[in-house]
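The values are calculated or read from the model by the stated rules, or taken from the named source; none is laboratory data. Keep in mind that what you see is a predicted model, and the values were worked out from it rather than measured. Counting neighbours? That spans all protein chains shown, and the Cβs are built from the backbone with ideal geometry, glycine included. Please note that ligands, DNA and RNA were not included when accessible areas were found on the heavy atoms of the full protein model with its side chains. Shrake-Rupley method; radii C 1.70, N 1.55, O 1.52, S 1.80 Å.
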Amino acid sequence: MSDNNFNYTISIKKIEKIQAKLEDKGLIIDSQYNIVDVIGKLGYENVILKYSPFFYDSFQNYKIGTKLSDIVDLFFFDLDLRKEVFSIMQLFELRLKSAMIEIISSYISPNYNNYVKSGNFEEKYEYKNKKGEVLFKTTRKWLRKRLKQYRNKLNREPKVAEIIPKLYFHEIEDWYCLLREDLKYKVALYMKFGPGFEVFQSKINVEEATVFLLPMINLYRGYRNQAAHEGIIFNYYDPELRFPYTAYYNGQKLIPSDRQYHCGIGILLLLSYLLDPDFLFKRFDASLEILIRNYLMNHPDQKDIIKEMGLDRVHILTKDKKYIEF
């Protein structure tokens, strides 16, 4: 018992030292949250250290009036946002799996021995940055090996409609990226238009059909990596993730080169709108609106978060001003 009390006393003293340093930097320790609970239970690195930079001035001190509750509330906002991002990712995954099943079954074969043939795949797929450096790579050999492992687990030849639902999302991504170009094109059309997509085949070229799908796949991969390392979600940014078009509205560039306009949330919302305005976009957009409104209701001075999330120009494309009228 005495050892436990001794350890607890040491922890309290450590937290008191951290509190003193935070106060020296201008942070107000208000009573909404107990700093001992915040640091002792959630972790100094996970909350204070990670989310403080959003409240810093140019001298790396806290902006005047910044409270402990401001930082903790942003942490919880980001936690809720993480859930919504993964929810929309799950819907996207289901859409992609459904499209893959339909296209592979219809244009190759529903039978294992046919859809795993080498001729249905590219030898390899590489995602490169502007410098030509490979950021992501997968190969036909690796994927076919994984499919064989699933077959061996089932101890029979699975139909494509049986094996695809069992695959991890990254395996589905790899499969899509390795598909022959004509099949990749058809999957993208099915993703956008659903059954009856053939009507649009003669009106849309391959690039137009696939240009939004690969960036979404790469963006989701980035979010998974962020989540795996407990990274920040609301202003997640990867310089290699870009809006696929240089778009203009009334002579004004829709997506400027500024860092925040390539934030994952803004790009994800735009891509969702362009891929599926009536399902993916509406659901994600409604969730974002609720989250942001609730956050700004308690933190009206934090409207910059809309810009940090890359959302302050989204209304131009979607004809919706909600993200600039809080």
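Remarks
- With Cα atoms as the point set, the chain shows a radius of gyration and Dmax of 23.7, 78 Å.
- Legend: calculated FRET efficiency, Val134 to Met297, from the Cβ-Cβ distance at R0 = 56 Å, rounded to 0.05, equals 0.80.
- Fraction of accessible area attributable to carbon and sulfur, the chain (%, probe 1.4 Å): 51
- Cross-link pairs beyond the 21 Å C-alpha cut-off, checked among Lys63/Lys307; Lys141/Lys186; Lys97/Lys166; Lys124/Lys148: Lys141/Lys186
- Cut-off 12 Å between beta-carbons: net charge of the residues surrounding Thr139, Lys and Arg +1, Asp and Glu -1: +3
- Between Asp258 and Ala20, the distance separating the two model label sites (each 7 Å from Cα on the Cα→Cβ line) works out to 4.1 nm.
- Average accessible surface area per residue within the chain, 1.4 Å rolling probe, Å²: 53
- Between the helical axis of 264-275 and the longest alpha-carbon principal axis of the chain there is an angle of about 30 degrees.
- Other-chain or far-sequence residues with amide H under 5 Å of Phe136's (modelled H): Tyr127
- Glu162-Lys203 pseudo-label distance in nm [points 7 Å out on the Cα-to-Cβ vector]: 3.9
- The charge dipole of the chain, taken about the Cα centre with unit charges on the Cβ atoms of Lys, Arg (+1) and Asp, Glu (-1), comes to about 1300 debye, rounded to the nearest 20.
- Set of lysines near Lys14 by C-alpha distance (under 16 Å), chain-local residues within fewer than 8 positions excluded: Lys41
- Note on Asp30 and His170: with the Förster distance fixed at 30 Å, the Cβ-Cβ geometry gives a FRET efficiency of about 0.10.
- Charge dipole (the chain, unit charges on Cβ, about Cα centre) - positive-most of Gly132, Gly65, Ile232: Gly132
- Calculated FRET value between Trp142 and Ser106, using beta carbons and R₀ = 25 Å, to 0.05: 0.45
- Applying 0.36 nm per residue to the separation of Tyr56 and Glu181 and subtracting their alpha-carbon distance, the gain on full extension is 40.2 nm.
- Proximal lysines relative to Lys128, as straight alpha-carbon distance under 19 Å, when same-chain residues fewer than 8 apart are discounted: Lys137, Lys184
- Grouping the Cα pair distances of segment 5-66 into 5 Å bins from zero gives a pair-distance distribution of 4, 17, 26, 28, 15, 7, 3, 1, 0 percent in increasing distance order.
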